[in-house]
Amino acid sequence: MTSLLMNRVGARGSEKNLIMNDNISSIRENIIAVNENIENACKAVGRNREDITLIAVSKTKPVEMLLEAYEAGVRDFGENYIQELVDKIPQLPSDVRWHMIGHLQRNKVKYIIDKVSMIHSVDSLRLAEEISSQAIKKNVEVDILVEVNVAQEESKFGTFSADAVLLVEEISKLPGIHVRGLMTIAPFVEDAEENREYFRKLKQLSVDIAAKNIDNISMNVLSMGMTGDYVVAVEEGASCVRVGTGIFGERNYNKD
Ligand SMILES: *Cc1c(COP(=O)(O)O)cnc(C)c1O
């Protein structure tokens, strides 16, 4: 029942010409469909497909499934949990780029700091300071995104838009850490169109911050859009979309 629903969810809320899979499609087929949807969204608004990175969100999924996605061409994987990330990294080829997209506790930073290509979920100066000091210790340069709670949902992490500029300015002074853009998790909605305004707001915020010409930062990355709304996110300027369910199927958090 749930698996039947999942690929319908995979195309939820999007418009015409959306490619949908039935519940027996493979990971490879799902990836092809997601890529075609991204391509069509690009065409619709005159963007280049090369400007968008598809991040396959593989939390809770076994390594065999990640390898299937890898075989199908995916090189960017998103994970939420430190232990899972640390376990999976050595089991995939070394050309994989790992994205930490989940809420990050300061005492866990040291386990992943030199293993991920980007941390998408930085929402406080204290966390940024810990990333900076671990980066110095390990002699690495770390790319991060500032997570913004554009819709101001109480249940979500992320800084409010009004505080984002100041946070970026403060982080820009820290060594070893580089803000590359912004990330948001839009509300869970039935109709992806409802999130268009939030994607637009995040894009505008990144343009506003970029205009300040702050040293040591750039605003080239916009990480927004998940299974239910990535088409709308691409139309509104996403440079990374984070798709889990639409590639790997529903997650089961209760299984052993
Ligand atoms: C789990 C997760 C995703 C993927 O969600 P889907 O709806 O399965 O595509 C994307 N971004 C973040 C931050 C997540 O935690």
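A short reminder: the numbers here are calculations on the coordinates, not readings from a lab. Everything quoted here is computed from the prediction, not taken from an experiment. In this analysis, Cβ positions are derived from the backbone assuming ideal geometry, glycine residues included, and neighbour counts consider all displayed protein chains.
Need one number: nm distance between label points at residue 210 and residue 48, each 7 Å from Cα along Cα→Cβ, rounded to one decimal.
1.4 nm
So what is the relative contact order of the chain, in percent, for Cα pairs below 8 Å that sit 6 or more residues apart? Please list the in-between numbers first.
On the way: 501 pairs, mean separation 58.5, N = 256.
RCO, the chain: 23 percent.
Whole number please: convex hull volume per residue of the Cα set in the chain, in Å³?
Normalising the Cα hull of the chain by residue number yields 127 Å³.
If we count every other residue with Cβ under 13 angstrom of residue 39's Cβ, Lys/Arg +1 and Asp/Glu -1, where does the sum land?
-1
Put +1 on the Cβ of each Lys and Arg and -1 on the Cβ of each Asp and Glu in the chain; which of 118, 94, 139 then has its Cα farthest toward the positive end of the dipole?
139
By how many degrees, between 0 and 90 and to the nearest 10, does the Cα long axis of helix 161-172 differ from the longest principal axis of the chain?
60 degrees
Can you list residues whose amide H is under 5 Å from residue 177's amide H, if they're 5+ apart or on another chain and H is modeled 1.01 Å from N?
142
Under 18 Å Cα to Cα from residue 110, which lysines show up? Leave out anything in the same chain fewer than 8 places away.
Here the lysines satisfying the reach criterion relative to residue 110 are 88, 137, 138.
Just to confirm the number: angle between the C-alpha axis of helix 27-45 and the first principal axis of the chain, 0 to 90 degrees, nearest 10?
In the chain, helix 27-45 runs at an angle near 70 degrees to the longest axis.
Whats the longest run of the chain with zero chymotrypsin sites (Phe, Trp or Tyr not before Pro) that are DSSP loop and have at most 16 other Cβ atoms within 10 Å?
In the chain, the maximal stretch lacking such sites is 1-80.
Write down the Kirkwood hydrodynamic radius of segment 153-256, to one decimal in angstroms, obtained as one divided by the mean of 1/r over all alpha carbon pairs. Write out the running numbers ahead of the final one.
Details: mean 1/r = 0.0670 Å⁻¹.
Computed over Cα pairs of segment 153-256, the Kirkwood hydrodynamic radius comes out at 14.9 Å.
Sorted from fewest to most neighbouring beta carbons within 10 Å, what does the list 118, 219, 65 look like?
Lowest count first: 65, 219, 118.
Can you tell me the 0 to 90 degree angle between the C-alpha axis of helix 125-138 and the longest principal axis of the chain, rounded to 10?
Helix 125-138 sits roughly 80 degrees off the main axis of the chain.
Over all pairs of distinct alpha carbons, what does the Kirkwood formula give as the hydrodynamic radius of segment 46-166, in Å? Could you put the intermediate results ahead of the total?
Details: mean 1/r = 0.0645 Å⁻¹.
About 15.5 Å for segment 46-166.
Regarding segment 128-182, what are the three Cα extents along the principal axes, ordered largest first, in Å?
36, 20, 15
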